[in-house]
1. If only one of A:173, A:194 is β-branched (Val, Ile, Thr) and part of a strand (DSSP E or B), which one is it?
2. Which members of region A:84-110 meet the condition of being part of a helix (DSSP H, G or I) and either within 24 Å of residue A:229 (Cβ to Cβ) or hydrophobic (A, V, I, L, M, F, W, C) (or both)?
3. Inspect region A:405-428 for any residue being away from chain B (no Cβ under 14 Å), charged (D, E, K, R) and either within 21 Å of residue A:214 (Cα to Cα) or open to solvent by less than 10 Å² (accessible area, probe 1.4 Å) (or both) and give the result as yes or no.
4. Using the structure shown, decide if residue A:387 is in a loop (DSSP other than H, G, I, E, B), open to solvent by 10 Å² or more (accessible area, probe 1.4 Å) and in contact with a helix residue (DSSP H, G or I) (Cβ under 9 Å, 6 or more places away or on another chain).
5. Among the residues of region A:197-215, are any more than 14 Å from chain B (Cβ to nearest Cβ) and part of a loop (DSSP other than H, G, I, E, B)?
6. So in region A:62-76, with the set limited to residues that are part of a loop (DSSP other than H, G, I, E, B) and free of Cβ contacts under 8 Å to residues at least 40 places away in the same chain, which one is farthest from the chain's Cα centre (by Cα)?
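The values are calculated or read from the model by the stated rules, or taken from the named source; none is laboratory data. These numbers come from a predicted model, not from an experiment. Positions of Cβ are generated from backbone atoms using ideal geometry, with glycine treated the same way; all protein chains shown enter the neighbour counts. Heads up: the accessible areas ignore ligands, DNA and RNA and are worked out on the full protein's heavy atoms, side chains in. Shrake-Rupley method; radii C 1.70, N 1.55, O 1.52, S 1.80 Å.
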Amino acid sequence: MATPAFSSISTARAALQQGTCSSVDLVSDLLAAIESKNSALNAYVSVDREAALAQARAADKTRARGEGGTLCGIPIGVKDVLNVTGQPCQCASDILKGYRSPYDATAVARLRNQGAILLGRLNMDEFAMGSSNENSAFGAVRNPWDTDHVPGGSSGGSAAAVAAGIALAALGTDTGGSIRQPASFCGCVGLKPTYGRISRFGLTAFASSLDQIGPITRTVADAAALLTAMSGHDPMDSTSLDQPVPDYEAGLTGDLTGLKLGLPREYFLDGIDSEVDAAVRSAVAHCEKLGAEVVDISLPHTKYAIATYYIIATAEASANLARFDGVRYGAREAGQDPLDMYGRTRAAHFGPEVKRRIILGTYVLSSGYYDAYYLRAQKVRTLIRNDFEQAFTQCDALLTPVSPTPAYRLGERTADPIQMYLGDIFTVTANLAGICGLSVPCGFTQAGLPVGLQLLGPAFGEETILKVGHAYEQSTDWHQRRPGVWAGGADV
Amino acid sequence: MSEEYKVSIGLETHVQLKTRSKIWCGCANVFGSEPNVDVCPICLGYPGTMPVLNREAVKLTVLSGLMLGCEINRYSKFDRKSYFYPDMPKNYQISQYDKPLCLGGSVEIEVNGKKKTIRIHRIHLEEDVAKNNHFDGASGVDFNRAGTPLMEIVSEPDLESADEAFAYLQALKQILVYGGVSDCNLEQGNMRCDINCSVRPESQEQLGTKTEIKNMNTFKGVHRSLTYEIKRQIDELRKGGKIYQETRRWDDEQGVTKAMRSKEYAHDYRYFPEPDLMPVVLEEAEIEAWQASLPELPATRRQRFISEYSLPEYDAGVLVAEKAIADYFEQVAELSGNAKAASNWMMTEMMRVLSDRDAEIVDLPITPAALGALIKLVDDKVVNMPGAKTVFAELVEQGGDPQAIVDAKGLAQVSDTAALDAWVEEAIAANPKSVADYQGGKQAALQFLMGQVMKASRGKANPPMVLDALRERLGAAG
């Protein structure tokens, strides 16, 4: 195993261009790695070997003709919540057992248009509901750095696969931190783009006003490459915005001079894990050394974010998941009449966390409770958004921890959903405000678990946070460390 | 003497809009396809799909609002209305809750010569649902209809009888068809309504408890069900009973309304703003352009027909009832230069043909140009009325040029005095008794002699000239 399949998209792309390896080599190496390592991690839920190899052969031919897009022949793993024509799309739920997508998500189609190979489907929390990837009909995913620990969630399969070397890069989705938090737990780069930057068409909705698709990669440059390929207005998604798409890779200049980075004091609380706190503070100091100015910032409504998030997200989810009723697709339990059939089908095939959130969401939208919960949450959401707008008049980006703790043990928090929800405190705000956020590795605990630094930027401020993340990454070596289960042997 | 009761009826009328494609996707908006043919992942509610608003549906709703005198909301939005039913692909319907496209407005009706204004409460836009079909031991859902743009027009409870409700629906249909907003074809389910009905003693100010009758799809059914329901409610109150707020179902065969099980309608719809769609913001210029594109409405047109063409009120009403007929009439009137004759032809011969054949005027081979030319031939005395009716019958069958038909069938009117005199002499000689009767004072005998002359001429004689000739020859009646 010596192809750049275990390095980065940039390296693999260069090797393909130079002809030192083929796309078939890349895919074969990854398939072999998946074969040997996936059972320990449970990151992939399905891999279409033959289709992937066929796409790789086609990509090699395209490249031989001197054609092909920016990702020609590059294999990408896809979170099980995104539709890829002909592939299963089970959203890690029993209720969609046997379901196959009749169409491509727009983001997927755009990667395909650039020549990317859609290697396989990655495990996740059921319907993207969870922060530990323990809520999956396929079983929990394990953290490559310590398989007794969770990889984070809900894009846990994507992060674990990238960290373990069984995916070169992957797609995740982020509704309240579901890209950034697992990226942080697994030592990867995770980007949640601005709401409306990437089309949501084909993303099985959890919370429509919060969901975004984004990349989980080994380097910031790779995240930038995938962002460039997937971004832009889509006539199929009315909430995607018609903003110009820059070449995000070209913006990675490494130059931080003149940039003001804010430290929101509400994100450096007492309860935060001391090793996380230390790693993030040291990363902040490092950024100062790189030429950025660090300023103190306040985001006063942060303490209401978790409550606000879990009202809005569950309300939207309760409607979004209503379609899973056994009438047109997926699992069905027989009943005496349609309502009975729905009840039995949904009771039998949704997992407990999904049911909990549907019930919460149904409650907050119910007659008599709407004003007190949903309407009030929307008002607080506006205040949180205003906090950020205010903050970004004083600085270019914010530096915060991604999660108050590093990865915890499997089963450690499953008995206490509230405790699990509180772990999302630093990530849900970006979704509520619709801004962009990036997680980059910034250290390890003594136990050897990764810690992530979060960069938050204003709406359509991806260029700034990617530039800061890239400069930080390139002047540190956290992203080059590999876990014990690493599939790739020595890096190329 | 028992107290009299007042009736209050409000209608929620659902109208399918005449767009090419569905409201959220590109599937065809057509009727009559095989089941589940006009469908795609979007209108089937597949995971990951999203709606994209068809702007034409917004335009047609706003046009309806403009025709009904509504206030158009410059800022409008969509909301999710949640309920589980197999005809709902997503188990929520995208509708409009607190920011509908149109507010206010009214419809003019006339019942037994009495005119009345029925106020509109609001008009909103939503998606139609699928259609459930029930077979032996199983049910199937046909999603062709799912996602058809559906406009809901909610009236105020201003209607006070079944007749008024019927007239309201007819007036509404007429306006919407005029505006090209919908075909309002009831057989195809283009127009359906829910009825809210309550009664109260005349002395009572406050509205009585209402019942709702759901899913009526014929105007006749609305009339019959209301006639039943009004009587049921009054009878109930008269015998000291109580009206319960409930949803009732019309049983057309038995001719009664029946209470539905509470489980069937007790919904908490849990409305909240649709996060997949942006609010609809209408520009002033856009609304003005739509306003300018509106056709003349039936009531205005009727007044114009009366003043411009000097038509009797009744005739004007009949002619404007259907836009296609009114358009046809106006073309004939213009081409013939004789509105009175055009109206006569339309009111008699044309209406008879349309009703005998149950046909649409646009489907007949006879064009307005042909009918206009035919009227001219009559006015120019090229053909007489009996001949013209023969030509008309031919035009209705296969169209063509009236002059050519007159020539081919030899229908040209004979006005040559010598020929007419010969036929007149012939008739007098052959009918001495009629001559005597006429001279003895029987006017009818002259008509008989006239008929004989027409017969001899095979219908081609110029009737007024024949009459003159007969009078001249026989002298005045005695």
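1. Details: A:194 fails: part of a strand (DSSP E or B).
From the options A:173, A:194, the qualifying one is A:173.
2. Filtering region A:84-110 down to residues part of a helix (DSSP H, G or I) leaves A:94-96, A:106-110.
Result: A:95, A:96, A:106, A:107, A:108, A:109, A:110.
3. Initial filter on region A:405-428 (away from chain B (no Cβ under 14 Å)): A:405-428.
Adding the requirement that they be charged (D, E, K, R) leaves A:409, A:412-413, A:416, A:424.
Checking the rest, the ones that are also either within 21 Å of residue A:214 (Cα to Cα) or open to solvent by less than 10 Å² (accessible area, probe 1.4 Å) (or both) come to A:424.
Within region A:405-428, one or more residues are away from chain B (no Cβ under 14 Å), charged (D, E, K, R) and either within 21 Å of residue A:214 (Cα to Cα) or open to solvent by less than 10 Å² (accessible area, probe 1.4 Å) (or both).
4. In short, no.
5. First, pick out the residues of region A:197-215 that are more than 14 Å from chain B (Cβ to nearest Cβ): A:197, A:214-215.
Checking which are part of a loop (DSSP other than H, G, I, E, B) leaves us with A:197.
Scanning region A:197-215, I find at least one residue that is more than 14 Å from chain B (Cβ to nearest Cβ) and part of a loop (DSSP other than H, G, I, E, B), so the answer is yes.
6. Initial filter on region A:62-76 (part of a loop (DSSP other than H, G, I, E, B)): A:65-74.
When the remaining residues are screened for being free of Cβ contacts under 8 Å to residues at least 40 places away in the same chain, the result is A:65-67.
On the way: A:65: 35, A:66: 33, A:67: 31 Å.
Looking at residues that are part of a loop (DSSP other than H, G, I, E, B) and free of Cβ contacts under 8 Å to residues at least 40 places away in the same chain, I get A:65.
Quick grid of which residues meet (1) surrounded by fewer than 13 Cβ atoms within 10 Å (Cβ to Cβ); (2) among the aliphatic types (A, V, I, L, M); (3) touching a strand residue (DSSP E or B) at 6+ places or on another chain (Cβ under 8 Å):
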position	(1), (2), (3)
B:394	no, no, no
B:424	no, yes, no
B:431	no, no, no
B:439	no, no, no
B:442	no, no, no
B:448	no, no, no
B:457	no, no, yes
B:462	no, no, yes
B:467	no, yes, no
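For every residue, the table says whether it meets (1) in contact (Cβ under 8 Å) with a residue 12 or more places away in the chain; (2) assigned to a helix (DSSP H, G or I); (3) buried (at least 18 other Cβ atoms within 10 Å of the Cβ).
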site: B:295; (1), (2), (3): yes, no, no
site: B:301; (1), (2), (3): yes, yes, yes
site: B:307; (1), (2), (3): no, yes, no
site: B:317; (1), (2), (3): yes, yes, no
site: B:325; (1), (2), (3): yes, yes, yes
site: B:330; (1), (2), (3): no, yes, yes
site: B:335; (1), (2), (3): yes, yes, yes
site: B:341; (1), (2), (3): yes, yes, yes
site: B:344; (1), (2), (3): no, yes, no
